[in-house]
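Read through the structure below, which is laid out as structure tokens, and then see the notes.
The values are calculated or read from the model by the stated rules, or taken from the named source; none is laboratory data. Being a predicted model, the structure only gives us computed values, none of them experimental. Because the Cβ atoms are built from the backbone with ideal geometry, glycine has one as well, and the counts that use them run over all protein chains shown.
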Amino acid sequence: MSNVYEIINNRIMELLEQGTIPWRKPWNAENNDPKNLISKKSYRGINHFLLSCTPYNSPYWLTFKQVQDKGGHVKRGERSTPVVFWKWLDKSTEGTDLNSTLSTSKIPLLRYYNVFNIDQTEGIPAPEPTEAHNDNHPLLGPEQIIKNMPLRPELRFGGNKAYYSPSLDYIQLPHLSTFDTPEEYYSTLFHELTHATGHSSRLSRKSVLEPSYFGSHEYSKEELIAEMGAAFLCGYTGIKQKTIENSAAYIHGWLKELKNDKTLLIHAAAQAQKGADYILNRKDGEEVESVENIAA
């Protein structure tokens, strides 16, 4: 059997070449689409990706003026997130000839503005969240891998965000019942477990050990590593069919931020393989093959 890492890596590259669906958070403790608190309209395009990747619980965003108009204020030290706005404007032109008629052409208007998540503010009540409860059941294959991971970090459940804390070495994850499918739950958990392999007690990966800001080169590279690791582990457990497009879309978003530097994906894939090997407790030289038969 071909090495599962190579199969998944090739599949991701194919999806990147074809173009991918917009990335989404696969849990719905509340409607996760980032949206403006005042208009309730969801952000689209690259704005959807940029806002979805931030570490805040709430999907609601406001401009600085909207925060003031609501009687609140931005917390000291909080930084805004830029979003892009553009639309087509009509440009009317009239020829010099007396017999010419007025014609209309379209010109693009592009500008950006800054928004704050409601979690970054004080004095503004957040809408009551609604938590979904899907009839999801644990999957045997992924559960065995998680159980057997060496020096596994603490797993905490609840809330509306998934993240790994390097300083405290724990993973926070929404409940299984809030995910669209159990496969997406395990893909998200594998993503955070791959982050955790970079801890000093495990593989000591620079992109985890050294502080980096959101959107920086090291931060972006670490996100690529984590999602590649998740894709590899989903392939190993046979659940890739329900997760691979979302993984490719997430990877595509980070590569777009890095000017589509696909060479970075190759380097990230090598680090992701080391992370996946660690989670699988795989010794050097052992082949990694699919275990789809235990994933059902």
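Being out of contact with any Pro (no Cβ under 6 Å at 6 or more places or on another chain) and farther than 18 Å from residue 4 by Cβ: is that true of residue 222 here? First the steps, then the outcome.
Details: out of contact with any Pro (no Cβ under 6 Å at 6 or more places or on another chain): yes; farther than 18 Å from residue 4 by Cβ: yes.
Yes.
Looking only at the range 140-159, count how many residues are part of a loop (DSSP other than H, G, I, E, B) and modelled with pLDDT of 95 or more.
5
Where residues in the range 161-173 are under 15 Å from the mean Cα position of the chain (by Cα) and crowded, with 16+ Cβ neighbours inside 10 Å, which of them is nearest to residue 226 (Cα to Cα)?
For the range 161-173, the residue satisfying everything is 164.
List the residue pairs whose Cβ atoms are under 6 Å apart, where the first residue sits in the range 244-264 and is touching a residue at least 60 places away in the same chain (Cβ under 8 Å), the second is hydrophobic (A, V, I, L, M, F, W, C) and loosely packed, with under 15 Cβ neighbours inside 10 Å, and the two are 6 or more positions apart or on different chains.
Listed by first residue and then by second, the contacts come to 245/21; 249/21.
Do you know which of the residues in the range 174-188 that are of a type outside the set (S, T, N, Q), surrounded by fewer than 24 Cβ atoms within 10 Å (Cβ to Cβ) and closer than 13 Å to residue 158 by Cα is nearest to the chain's Cα centre (by Cα)?
Only one residue tops the list, namely 174.
Looking at the range 204-211, can you tell me whether even one residue there is modelled with pLDDT under 95, under 24 Å from residue 34 (Cα atoms) and assigned by TED's automatic domain parsing to the domain that holds residue 277?
no
Kindly provide the set of residues from the range 160-216 that are assigned to a loop (DSSP other than H, G, I, E, B) and small (Gly, Ala, Ser), ordered by number. Give the derivation first.
In the first step, residues of the range 160-216 are kept if they are assigned to a loop (DSSP other than H, G, I, E, B); the result is 160-162, 166-169, 174-175, 180-181, 197-205, 210-216.
Listed by number, the residues that qualify are 162, 167, 198, 200, 201, 204, 212, 215, 216.
Do you know which of the residues in the range 193-235 that are of a type in the set (Ser, Thr, Tyr) and surrounded by 24 or more Cβ atoms within 10 Å (Cβ to Cβ) is nearest to residue 259 (Cα to Cα)?
Among those that are of a type in the set (Ser, Thr, Tyr) and surrounded by 24 or more Cβ atoms within 10 Å (Cβ to Cβ), it is 194.
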